[in-house]
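Comments concern the structure below.
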Amino acid sequence: MVYQLLIELDGVTPTIWRRILIDASTNMRNVHHTIQLTMGWENRHLYYFDDGEDKITQIDFLEEEDFMEDEDVILSTVLRKEGDKLKYVYDFGDDWTHRIVLEKILDAKSLDVSIPHCLGGARACPPEDVGGLPGYLEFIKIISNPKLPEYEEKIDWYGGEYDPEDFELEFTNEDLEDIDNYIDSLDEDFLY
């Protein structure tokens, strides 16, 4: 089975969203990696999933006893039927909350794309460590007006131009096609 998921970032208007196809038998750690690549995050912070009953994360980075180990939980045990929802929180400082909805359950044989796959989306994710929603809104305000005194400082901080409308479907799918190498390349001494 393949799930079609809608992922939306809470609090940002217009909405930053992605629609993806992912194997229902994927463990939640790899769901996290898929979201990171699809949304454009940099995989530098703690995260957890919350289905309303359980919280799921990479336990070795937390000392909480009420979390389930993400490698041991399969997506299809968390999202069971169309319309089921899940919360994904990334970066416990900035607290980027994503709403995930299981839109469709599909037969893998009927698909002619590699899985995982991004079907569409809109807008770029906020920069890492921007300061959550308030920091992001301030960042957008400043970089939208080169006359502001903080403009150069923000551009330097970010490392160049930032286009909040930028989303490249083709590049996202190229990243997803290489997800196994991405996961293998992660530094075990670094987060995730």
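What order do LYS55, LYS81 take when sorted by accessible area (1.4 Å probe), most exposed first?
Working: LYS55 70, LYS81 125 Å².
My answer, sorted largest first, is LYS81, LYS55.
Stretched out fully, how many nm does the piece from GLU161 to LEU106 gain, at 0.36 nm a residue minus the Cα gap? Intermediate values should be presented prior to the final figure.
Values: separation 55, 0.36 × 55 = 19.80 nm, distance 3.91 nm.
15.9 nm is the gain from fully extending GLU161 to LEU106.
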Looking only at segment 91-105, which residues have a backbone nitrogen under 14 Å from a spot 7 Å from the Cα of GLU82 in the C-beta direction? 102-105
How large a share of the accessible area of the chain, in percent, is made up of carbon and sulfur atoms when the probe is 1.4 Å and the other protein chains stay in place? 46 percent
accessible surface per residue for segment 82-152, probe 1.4 Å, DNA/RNA/ligands not counted, whole Å² -> 51 Å²
Given a 1.4 Å probe and heavy atoms of the protein chains only, how would you sort MET39, MET1, largest accessible area at the top? MET1, MET39
Interchain or sequence-distant (5+) residues whose placed amide H lies within less than 5 Å of the amide H of THR26 are LEU75, SER76
Would you list, by chain and number, the lysines whose Cα falls below 30 Å from the Cα of LYS104, excluding same-chain residues fewer than 8 positions away? LYS55, LYS81, LYS85, LYS87
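Compare ARG18, ARG80, ARG99 by solvent-accessible area with a 1.4 Å probe and give them largest first, with all protein chains kept in place.
Details: ARG18 5, ARG80 155, ARG99 100 Å².
I get ARG80, ARG99, ARG18, largest accessible area first.
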If you plug each phi of segment 133-140 into the Karplus form 6.51 cos²θ - 1.76 cosθ + 1.60 with θ = phi - 60°, what whole-Hz ³J(HN,Hα) values come out, in order, with x for Gly and Pro? 4, x, x, 5, 4, 5, 4, 4
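The values are calculated or read from the model by the stated rules, or taken from the named source; none is laboratory data. All figures in this text were calculated on a predicted structure; none of them were measured in a lab. Ideal geometry is used to build each Cβ from the backbone, glycine not excepted, and the neighbour counts take in all protein chains shown. Please note that ligands, DNA and RNA were not included when accessible areas were found on the heavy atoms of the full protein model with its side chains. Shrake-Rupley method; radii C 1.70, N 1.55, O 1.52, S 1.80 Å.
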